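First comes the structure, then the notes that go with it.
The values are calculated or read from the model by the stated rules, or taken from the named source; none is laboratory data. Keep in mind that this is a model prediction, so the values were computed, not measured. Note that we place each Cβ from the backbone using ideal geometry, even for glycine, and neighbour counts take in every protein chain shown.
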Amino acid sequence: MWDTFLIAWRQLSYQRMKLVVACAGVVVAVMLMLVQLGIREGALENSIAIAAKVQADLVVISPRTKTIFQSTQFPRRLLMRLAGHPAVDYVQEMYMSQARWRNPWEFREHPIAVFGVDPRSPLIDFPGYSRMASELLLPDRLIFDRNNRVTYGPVREHLAAEGYLETEINHRRVRVIGSIPVGISIVSDGNLFLAPANFLRLFPQRNPGAIDLGLIRLKPGADREAVVQDLRPLLGAEARLMTREELVDSESRFVRESAPIDFIFGMGAVVGFFIGFVVVYQILYTEVTNHLPQFATMKAMGFSDRTLLSIVYYQGLLLSVLGYIPGFFLALWLYTVATRAIQMPFSMTWNRGISVFLLTVVMCLLSATIALQKVRRVDPADVF
Amino acid sequence: MSSDLRASTAATTPSRDPVPVIEAHDLCFAFGLGELRRQVLFDLNFEVKSGEIVLLTGPSGSGKTTLLTLIGGLRRVTEGELTVLGRPLHQATTADLTANRRDIGFIFQQHNLLEFLSARQNVELMFQLHPEVAPETVRQKAVEILTLVGLAERLDYHPSRLSGGQRQRVAIARALVTQPRLVLADEPTAALDSATGRDVVELLQYLARTNGCPILMVTHDNRVLDIADRILNIEDGRLRTVDK
């Protein structure tokens, strides 16, 4: 087996330039697949980032709400009903809306997502949010998302230099007192975080009794399923109780169904696969055709079809490994480029890395299978 | 023939088997079917015995190479009987034909070395068909036989860096290194100048004699006829034996 592998490698590597070109084809395919799948997954993940950051055991939303980015409000009193259950530790309301942020450098307004949640013990993981709780409780103070797009102005740099920034949101003077990294998505270009009282100051027309998201923390050791069964009848048809995981599921389902990213980038990956397939097939076919007299000679000397076929298969495998490695690192590099350009984090996952590798192997072996039909048919008598 | 004999590197005296190495009875061969059918070999009857060097001569198109491919198991017999190394090839399966090829050393008109392997690797390649031979032995035998054909200094040269004569000598080394029970050579001197061709044929003769291995060689080359024990002459697909 090792001997056969060596023959395959020596035949493949005899002409260095051809090998490099062959690998380049695989590299392109690997890169395409990794980047397309990466953007697809990254965009999906970023879109559910807020839902994924929820730390409450249970959440309450309006039954009309399809995604928390375009939520319908429900009465706060329904949430308060649940607070009485012995297994419930505490409940917390969250307000969400779109506001208009004035870029104080160019005086233009840009839409921005605003999240109002109690900074003292938030049931959502905004890293560093509760550390600034005392100041956030003062009127018209808020925090800026460090990952917001540059359209909002050089806020981070300004904050680093001056400590705070004054601007207008919904035509109301506010003070930005810091920035935390949460992350934007294809749904929103920027986020702001502030206490519920300050949220209501920005949206004076909004009814404080109508909230977007109810967060429930259960006492340690509580049986979540049993509590859900107890609480559900208390809400009736006006609000919907779900677990944190169900919220994440429904958010990702919404993004998949409503945004075309899943399809577009999924298709990009499929195209990558076929490009790779065609390229590798072409290469192996040419390779096999060029080596046909040698294959015929080996056949005449008594090498079995199986040995010759494994040579071609090994070459397919070698091409997939040799193409995958540089393709992987190129994709990593493109991830950082994309992260910088789109300002959404893209990262490599083990899962994707391995599945694309397996796809590459399948692609190469499939091409080998077609290319070696020629080897199978070669007539050893032709060498005389 | 036992593997012991094959494994022994010492020269063995040609054992005169009562059973011939090649035996043809009314052997016929035709290309194509129906109206396109063209018969190239007609009722051949001959034997090649162990240790014999037999030359096959005749004008081009007379069917020499076709006969060689039949004996080598590269084509199937259409009519008549052909027994090679005790295998009835007229009723052989594909696996039998492959097994037959493994027992035969082929030397082609073109050297047909694998360009991506060095001289030594080309020779060692043959042992992949004989996995029972230990790797150290493989290496040693390859070096030995390449030294014997005068290429000790060129072991790691690829065919592209060898001259025509050197390539053909590597091809001979490759054909003989596993001590085949029969060597089939198709005009091994055709691509060589007369002096080199003579060298190559003498080398072949020497190696065959020391191993007691019969050789059937197709040739046009009148200069090498003297090495033969027997000459078979084919004309228009019919055999005219010319005994020496």
How about the range A:275-384: which helices (runs of 4 or more DSSP H) wholly inside it have at least 1 residues that are β-branched (Val, Ile, Thr), over 30 Å from B:Arg75 (Cβ atoms) and without any contact (Cβ under 8 Å) to a residue 40 or more places away in the chain? A:305-342, A:350-371
Residue satisfying all of: in the range B:78-98; farther than 24 Å from B:Ile172 by Cα and part of a helix (DSSP H, G or I); farthest from the other protein chains (Cβ to nearest Cβ) among these: B:Gln91
Check whether at least one residue in the range A:370-382 is surrounded by 15 or more Cβ atoms within 10 Å (Cβ to Cβ), within 14 Å of chain B (Cβ to nearest Cβ) and more than 30 Å from B:Leu97 (Cα to Cα), and report yes or no. no
Quick one: how many residues across the range A:9-18 are surrounded by 20 or more Cβ atoms within 10 Å (Cβ to Cβ) and either closer than 30 Å to A:Arg352 by Cβ or of a type in the set (D, E, K, R) (or both)? 1
So, in the range B:42-61, exactly how many residues are within 14 Å of another protein chain (Cβ to nearest Cβ) and either among the acidic types (Asp, Glu) or under 12 Å from B:Arg238 (Cβ atoms) (or both)? 0
Could you list, in sequence order, the residues of the range B:105-123 that are touching a residue at least 24 places away in the same chain (Cβ under 8 Å) and not in a loop (DSSP other than H, G, I, E, B)? B:Gly105, B:Phe106, B:Ile107, B:Ala119, B:Arg120, B:Asn122, B:Val123
Can you find, within the range A:336-349, the residue that is farthest from A:Arg146 (Cα to Cα) among those that are within 13 Å of the chain's Cα centre (by Cα) and either modelled with pLDDT of 90 or more or polar (S, T, N, Q) (or both)? A:Thr349
Considering (1) in contact (Cβ under 8 Å) with a residue 40 or more places away in the chain; (2) over 18 Å from the mean Cα position of the chain (by Cα); (3) within 14 Å of chain A (Cβ to nearest Cβ), say which one B:Glu144 fails and leave the rest. (3)
Criterion first (over 22 Å from B:Cys213 (Cβ atoms) and not polar (S, T, N, Q)) does B:Glu132 satisfy it? no
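Residues are listed down the side, and each one gets a yes or a no for (1) away from every other protein chain (no Cβ under 14 Å); (2) in contact with a Pro (Cβ under 8 Å, 6 or more places away or on another chain):
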position	(1), (2)
A:Arg240	yes, yes
A:Ser252	yes, no
A:Ile261	yes, no
A:Ala269	yes, no
A:Glu287	no, no
A:Met301	no, no
A:Ser310	no, no
Residue among B:Arg139, B:Arg174, B:Arg101 that is under 14 Å from the mean Cα position of the chain (by Cα), under 19 Å from A:Arg10 (Cα atoms) and assigned to a helix (DSSP H, G or I): B:Arg174
For helices (runs of 4 or more DSSP H) lying entirely in the range A:1-111, having 1 or more residues that are of a type in the set (S, T, N, Q), within 14 Å of chain B (Cβ to nearest Cβ) and touching a Phe, Trp or Tyr at 6+ places or on another chain (Cβ under 8 Å) picks out A:2-13
